[in-house]
Amino acid sequence: MQILDTELNGVKLIRCDRQDDCRGEKEILLNVSALKEGGLDFCVGEQRLYRIARAHTLFGIHFQADAGAQGKIITLIAGRGMDYAVDLDRDSPTYRKWISFELSGQEPCAVYIPRGYGHAFYSLEDNTVQLFTLNGHPASERIIHYLDPEIGLRLPGRVECIADRDRYAPFLSSLNSDPAGK
């Protein structure tokens, strides 16, 4: 397992191990010891499996702002999608900057998004399956509108499916406190 730095502090690309033999493929998606060796102290609190039926489905910019904020590891089991990390720490030199990664069920890699970051996901194919692993226990979730001009998120296509809570989420400027919880 390789843990690679990205241009946003704390956001990591994780290249998972794959082994092939006559029985098929084995991918190691999560190895807590390897994460720790790579500088990530990750304790699994919850795992979620999302089965996204349609391409062009958007999960907006979600985050936690309290002491229970969570780190996340996102990987795809099937399909393709764009995964986004948005720096929401007002004290960070990269505040409001974002980075995206194309993930695929065909390539064993994952994205680590630390506490203090927002997360969004856009499906590129029908029947995309996402494995979402959370560090710690679930905390209260907040949302920022995906079209917020202060962030300028660029999606690879139109949004055809979106939950009302994402469609009507507030803009960053309307939040009273630091989104990162400081």
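Of the residues 133, 94, 75, the one that moves most in a GNM of the chain with alpha-carbon contacts below 10 Å is 94. The label point for residue 26 and the one for residue 147, both projected 7 Å from the Cα toward the Cβ, are 4.9 nm apart. Across every direction, the projection of the convex hull enclosing the Cα atoms of the chain has a mean area of 10.4 nm².
Based on the Cβ-Cβ distance from residue 173 to residue 5, what FRET efficiency comes out when R0 is 35 Å, to the nearest 0.05? Result of the calculation: an efficiency of 0.70.
Toward the positive end of the charge dipole of the chain, with +1 on the Cβ of Lys and Arg and -1 on the Cβ of Asp and Glu, the farthest Cα among 144, 28, 94 is that of 144. For the peptides 50-59, 110-119, the ranking by mean Cβ contacts within 10 Å, running from highest to lowest, is 110-119, 50-59. Could you please state, rounded to a whole Å, how far the C-alpha centre of the stretch 1-62 is from the C-alpha centre of the stretch 78-139? Between the Cα centre of the stretch 1-62 and that of the stretch 78-139, the gap is 10 Å.
Stokes-Einstein at 37 °C, 0.692 mPa s, Kirkwood radius from Cα pairs: D for the stretch 1-91 in µm² s⁻¹? In µm²/s, the coefficient is 209. Between 19, 47, 130, the GNM of the chain built on Cα springs shorter than 10 angstrom shows 19 fluctuating the most. Other residues within the sphere of radius under 13 Å centred on the Cβ of residue 165, judged by their own Cβ, net out at -1 (K and R +1, D and E -1).
Rule-based calculations on the coordinates, nothing more; no lab input. Predicted, not measured: the structure shown is a model, and the values here were computed from it. So basically every Cβ, Gly included, is an ideal-geometry build from the backbone, and we count neighbours across all protein chains shown.
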